[in-house]
Amino acid sequence: MYKIVLKRGKEESLQRFHPWVFSGAIARIEGEPEEGEVVDVYTSQGEFIAKGHWQIGSIAVRVLSFHADEAIDAAFWQRRLTTAYAMRQHIGIAARNDNNTYRLVHGEGDNLPGLVIDIYARTAVMQAHSAGMHLVRMEIAEALKKVMNGAIDNIYYKSETTLPFKADLYPENGFLQGGSTDNVATEYGLQFHIDWLKGQKTGFFVDQRENRSLLERYAKGRSVLNMFCYTGGFSVYAMRGGAKLVHSVDSSAKAIDLTNKNIALNFPGDERHEAFAEDAFKYLDRMGDQYDLIILDPPAFAKHRDALRNALQGYRKLNVKAFEKIKPGGILFTFSCSQAVSKENFRTAVFTAAAMTGRSVRILHQLTQPADHPVNIYHPEGEYLKGLVLYVE
Ligand code: SAH
């Protein structure tokens with residue numbers, strides 16, 4: 001067994017069950033672990049404190065267990081997946097008739113750092129974010145099949161873009177179990193084509209489900225602009241909510257195709273909807289002031305801490321444009337999914353934007369990620385999605 005010995009005092013965060021060991025906390029390594037192997041972590045006093053997946057990089061160990069005698073084997077994966085599945089059933093998001101789209105495993109939030117599993121009808125899409133999870137993908141797939149006990153037929157592995165590229169892992173996307181081209185899943189009674197082959201993330205932004213549902217309640221009679229629409233999630237809910245018209249915008253032509261397909265799937269021939277493949281800033285500049293419900297759900301502007309300043313400027317500029325054009329009495333749903341941007345930072349950017357336009361703005365709701373994307377209480381970094389619903393006078 002490989003042994004990682006920490007510098008003096010560096011065990012503190014692990015004592016509080018934080019699931020990461022940073023490379024700077026390590027005094028020495030006994031043995032030569034390969035990336036992705038399981039290592040034991042010891043304090044400078046020589047006491048066992050945790051075990052987890054080893055990786056080269058700033059996060060050196062992702063903790064799987066705080067118990068010395070807990071083996072990381074097939075039974076371990078089965079236990080963790082069982083817990084995750086039971087939680088989704090207990091909170092009423094799994095196993096319902098009107099919804100078969102949900103996140104089954106949310107990394108650290110489910111004590112499985114480096115692993116994401118989303119369920120789309122009878123297909124699970126599994127994504128590894130660490131070398132360790134990549135190496136045990138077959139074992140996890142086996143465990144998943146057992147735990148889901150007939151509820152899924154297919155497991156698609158999609159990690160070509162989420163693994164550290166320097167680690168020589170050569171991941172290939174593809175089915176680990178089954179194989180199906182039927183890619184329609186249901187979210188709160190609405191149908192969506194999920195593009196797990198080519199789409200972003202696991203194919204769909206499952207994390208906006210509750211926020212889309214909230215938007216539906218505000219849509220009646222409104223003229224809606226869904227900016228950064230991707231698969232058109234917010235647009236489809238706005239249509240069901242009785243919007244007068246819905247315009248979806250995304251710079252990616254493929255996203256616009258998907259949006260049109262999803263609208264057609266739920267509201268065939270409905271002329272209230274139109275989609276535009278165009279840059280957000282250009283569209284916001286040229287559009288008129290017809291919208292009274294605007295959604296801004298941009299990609300993560302800051303992928304890293306260093307990019308924070310530019311990201312905040314980006315959020316400010318984007319929101320300024322929406323505040324300038326939204327109709328009096330309009331409602332703005334504005335989001336940030338950058339983990340590096342805190343709730344406070346995001347708020348400040350949006351407040352500054354409001355102040356710059358001189359509009360009177362009230363906060364109606366403060367939004368976050370849904371319950372199937374839980375935050376491990378010992379890992380506050382797991383909270384990443386921030387949203388504000390604003391009433392603009
Ligand atoms: N709201 C979506 C998710 C948005 S993901 C949902 O609920 O599913 C972010 C989207 O922004 C991506 O589809 C990406 O193609 C698009 N995008 C990125 N940069 C853009 C730009 N400058 N203008 C318009 N769209 C952009």
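The values are calculated or read from the model by the stated rules, or taken from the named source; none is laboratory data. In this text the structure is predicted, and so the values were computed from the model without any measurement. With ideal geometry, Cβ positions are generated from the backbone for all residues, glycine too; neighbour counts draw on all protein chains shown.
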Of the residues in segment 152-174, how many are assigned to a loop (DSSP other than H, G, I, E, B), surrounded by fewer than 16 Cβ atoms within 10 Å (Cβ to Cβ) and more than 23 Å from the chain's Cα centre (by Cα)?
2
Inspect all residues belonging to segment 316-338 and state whether any of them is at pLDDT below 95, within 21 Å of the chain's Cα centre (by Cα), of a type in the set (S, T, N, Q) and crowded, with 18+ Cβ neighbours inside 10 Å.
yes
Candidates VAL41, VAL61, VAL125, filtered to the one that is crowded, with 21+ Cβ neighbours inside 10 Å, in a strand (DSSP E or B) and not assigned by TED's automatic domain parsing to the domain that holds SER23:
VAL125
Given the conditions (1) more than 25 Å from LYS220 (Cα to Cα); (2) within 23 Å of the chain's Cα centre (by Cα); (3) among the polar types (S, T, N, Q), which single one is not true for GLN369?
(1)
Among (1) among the hydrophobic types (A, V, I, L, M, F, W, C); (2) surrounded by 15 or more Cβ atoms within 10 Å (Cβ to Cβ); (3) part of a loop (DSSP other than H, G, I, E, B), where does LEU14 come up short?
(3)
Could you look through segment 322-336, keep only residues that are touching a strand residue (DSSP E or B) at 6+ places or on another chain (Cβ under 9 Å) and among the charged types (D, E, K, R), and pick out the one that is farthest from TYR291 (Cα to Cα)?
LYS325
For segment 96-112, check the following and say yes or no: at least one residue is within 16 Å of VAL206 (Cα to Cα) and of a type in the set (A, V, I, L, M, F, W, C).
yes
ALA128: closer than 22 Å to TYR384 by Cα and under 20 Å from the mean Cα position of the chain (by Cα), yes or no?
yes
Of the numbered conditions (1) crowded, with 22+ Cβ neighbours inside 10 Å; (2) charged (D, E, K, R); (3) farther than 29 Å from ALA185 by Cβ, ASP110 fails exactly one; give the number of that condition.
(3)
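Can you name every residue in segment 222-253 that is assigned to a loop (DSSP other than H, G, I, E, B), more than 10 Å from the ligand (Cβ to nearest atom) and touching a strand residue (DSSP E or B) at 6+ places or on another chain (Cβ under 8 Å)?
Of the residues in segment 222-253, the ones assigned to a loop (DSSP other than H, G, I, E, B) are 222, 228-232, 241-244, 251-252.
Still in the list and also more than 10 Å from the ligand (Cβ to nearest atom): 222, 241-244.
Passing the criteria: ARG222, ALA243, LYS244.
Would you say ALA311 is away from the ligand (no atom under 12 Å from the Cβ), crowded, with 16+ Cβ neighbours inside 10 Å, among the hydrophobic types (A, V, I, L, M, F, W, C) and more than 21 Å from GLU393 (Cβ to Cβ)? It would help to see each step written out before you state the result.
Numbers: away from the ligand (no atom under 12 Å from the Cβ): yes; crowded, with 16+ Cβ neighbours inside 10 Å: yes; among the hydrophobic types (A, V, I, L, M, F, W, C): yes; more than 21 Å from GLU393 (Cβ to Cβ): yes.
For ALA311, the condition - away from the ligand (no atom under 12 Å from the Cβ), crowded, with 16+ Cβ neighbours inside 10 Å, among the hydrophobic types (A, V, I, L, M, F, W, C) and more than 21 Å from GLU393 (Cβ to Cβ) - is met.
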Of residues in segment 175-221 being out of contact with any helix residue (DSSP H, G or I) (no Cβ under 8 Å at 6 or more places or on another chain), under 30 Å from ASP289 (Cα atoms) and free of Cβ contacts under 8 Å to residues at least 40 places away in the same chain, the one nearest to the ligand (Cβ to nearest atom)
ARG217
Members of segment 270-284 that are surrounded by fewer than 16 Cβ atoms within 10 Å (Cβ to Cβ) and more than 16 Å from the ligand (Cβ to nearest atom):
ASP270, GLU271
